[in-house]
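Computed from the coordinates by the stated procedures, all read-outs in this text should not be read as laboratory data. All values reported here derive from a predicted model rather than from experimental measurement. Here the Cβ positions follow ideal geometry from the backbone for every residue, glycine too, while neighbour counts run over all protein chains shown.
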Amino acid sequence: MANKKQIISYIDAMIKASEIIKRENPDYLIAPLMGSVPFVEVMNIVSNDFDNSRVFYLPSSSRIHNVNEIIRSWYFNFLKDKTTFPDFFPKIMGIDEVVSGHSVIRGFKEIDIATNKFKKEIRQDLIEKLYSKKRSESLKSLRKMDIASDNKYSFKFSEIRNKIKKSAYINDKKSAKEDSDFFVGVLKETLENKLNYSTIGIEDSKKEGNRDLKYEELKKQKRVFQVKVDNILTMDNIHYCTPRFKEIRSRKNNYVRFLPQIKDILITEEYLDFLTTLAKYSGKRLSEVFPVNIKRVFDSSKYLDKISKE
């Protein structure tokens with residue numbers, strides 16, 4: 001078991017992380033499987049107002065077969081389910097382990113690819129409807145763009161709307177081109193400021209001052225909220241890793257890789273002792289100490305593509 005200094009440092013880190021979540025108030029919190037599961041458990045212990053309903057678990061272990069594609073497709077499907085254009089663009093934040101920063105960099109890369117793909121689909125759908133021969137479709141496209149841009153350009157959109165109703169563009173190609181360019185420009189500007197992912201980086205002290213430069217750049221861009229800890233006590237400890245993925249074994253070298261689906265959840269005595277110890281240091285009632293979000297961990301497969309589930 002860890003010493004008192006390490007335990008207090010871990011508790012303080014989880015308190016700080018929960019405070020960042022409260023301050024930033026994301027609609028959803030993405031917890032990568034496996035490493036972030038204990039973070040959620042401990043934040044439930046140390047924070048009285050931690051909201052479990054906003055937590056979703058993303059299969060992202062480096063041992064998952066085709067993990068980059070899994071992250072990309074899962075996050076794209078998640079955005080499709082949780083975003084309602086033009087009314088609701090969720091604020092999404094993650095929480096992740098950091099030693100060198102490599103896994104965080106990988107996650108950002110795939111999540112950004114998925115996000116850009118999703119934005120392109122929105123853009124393409126809206127532009128196609130704007131250019132539709134059906135006047136009603138063009139007007140709907142304008143209305144959605146006006147809402148999405150928070151009515152910032154309502155006067156200009158009203159002018160375009162009147163031109164469409166009067167069929168003014170048929171004999172005025174120059175105006176049609178100018179207004180089309182304006183629409184596309186506002187659309188790109190609006191989407192650029194939506195769905196930008198950030199994460200809380202729980203930084204283990206092992207590589208303090210020697211992390212990947214790309215990770216440090218993400219911090220400068222304020223896409224990573226830094227939380228320092230002496231030691232991530234739960235990292236790479238099989239006793240503290242409650243979810244277990246389905247496995248596939250290589251015929252060549254017998255190496256075991258994971259599928260992205262959860263096979264079962266194993267709550268060990270060591271893990272319960274760990275949570276109980278943290279609860280004692282935090283002055284919490286021990287009767288309330290038990291792993292949370294078990295169903296949500298199993299539900300992490302909801303956003304996998306069909307081929308990933310087979």
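Principal axes first, then extents: for the Cα atoms of the chain, list largest minus smallest coordinate on each axis, whole Å, largest first.
If we take the Cα atoms of the chain, the spans are 79, 47, 39 Å.
Given DSSP loops and a limit of at most 11 other Cβ atoms within 10 Å, what is the longest stretch of the chain that contains no such trypsin sites (Lys or Arg not before Pro)?
Answer - 1-132.
Averaging over every viewing direction, what projected area does the convex hull of the Cα atoms of segment 182-310 cover, in nm²?
For segment 182-310, the mean projected area of the Cα convex hull comes to 13.8 nm².
Under 5 Å between amide hydrogens, which residues at least 5 positions from residue 224 or on another chain qualify, with H placed 1.01 Å from N in the peptide plane?
Here 199, 219 satisfy the definition.
Quick one: helix 67-82 against the long Cα principal axis of the chain, what's the angle to the nearest 10°, folded into 0 to 90?
The angle comes out near 60 degrees.
So what is log10(I(q)/I(0)) for segment 29-78 at q = 0.24 1/Å, when the Debye sum runs over its Cα atoms only?
Each listed q corresponds, in turn, to -0.87.
Remind me, what semi-axes does segment 123-192 give for its equivalent ellipsoid, largest first in whole Å, using sqrt of 5 times each Cα gyration tensor eigenvalue?
So the three semi-axes of segment 123-192 are 18, 12, 12 Å.
Per residue of the chain, what 222 nm ellipticity follows from adding -39500 (n - 2.57) for every DSSP H run with n ≥ 4, rounded to the nearest 500?
Estimated from H runs of four or more residues: -16000 deg cm²/dmol.
Kindly express, to the nearest 10 degrees and within the range 0 to 90, the angle between helix 269-282's C-alpha long axis and the longest C-alpha principal axis of the chain.
80
Relative to the longest principal Cα axis of the chain, at what angle does helix 4-24 sit, 0 to 90 degrees, rounded to 10?
For helix 4-24, the angle is close to 20 degrees.
Under 5 Å between amide H atoms, partner at least 5 residues away or on a different chain: which partners does residue 95 have, H built in plane at 1.01 Å?
30, 200
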